[in-house]
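Below: one structure, written as structure tokens.
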């Protein structure tokens with residue numbers, strides 16, 4: 001049973017990436033309060049997940065975002081923004097950390113993540129099929145997006161900044 005099977009489910013408008021799941025159930029304000037109280041869940045089954053491991057994962061994410069996520073504790077989550085040099089929002093990033101892994105929510109149907117230059121592929125973004133063909137196909141999509149990302153920027157400056 002999906003969240004759209006409920007009779008009170010409201011579908012998202014066309015163009016919103018959350019097609020396939022309920023947008024809300026008729027009273028978004030009450031639903032939000034229920035979520036804040038910890039008495040509800042959100043259907044994110046249409047989304048993919050990117051995992052980042054390593055001791056410096058939170059500090060690395062902190063350097064990319066506008067929020068202070070460096071103090072994110074195990075079991076906590078955060079919403080962060082990645083801004084352009086002019087201060088415009090380029091990406092919204094949902095982070096959940098379990099103490100050893102940071103989990104990033106990925107837009108459905110695309111290898112793009114909320115972090116510029118980080119692309120998901122294979123089992124990371126396809127939790128249904130998890131097949132080699134899917135991994136190869138989405139790997140090609142991610143490689144093409146990564147190539148386009150680097151072409152739009154001065155790659156020498158990116159290498160210099162990384163060193």
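Where a number appears in this text, it was derived from the coordinates with a stated rule and is not lab data. As the structure is a computational prediction, the values presented were derived from the model and not from experiment. No Cβ is skipped: glycine too gets one built from the backbone with ideal geometry, and neighbour counts run over all protein chains shown.
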Task: Theoretical gain in end-to-end length, residue 34 to residue 153 [0.36 nm per residue, Cα-Cα removed] - done: 38.5 nm
Task: the range 28-109: mean projected area of Cα convex hull, nm² - done: 6.7
Open item on the list: Using 0.36 nm times the number of residues separating residue 45 and residue 66, minus their current alpha carbon distance, what extension gain do you get?
Closed with: 4.8 nm
Task: Taking the convex hull of Cα positions in the range 1-63, its mean projected area over all directions (nm²) - done: 6.6
Task: Order of 7, 45 - criterion: other Cβ atoms within 10 Å of each residue's Cβ, fewest first - done: 7, 45
Open item on the list: Between residue 56 and residue 10, what's the calculated FRET efficiency when r is the beta-carbon distance and R0 is 45 Å? Round to 0.05.
Closed with: 0.60
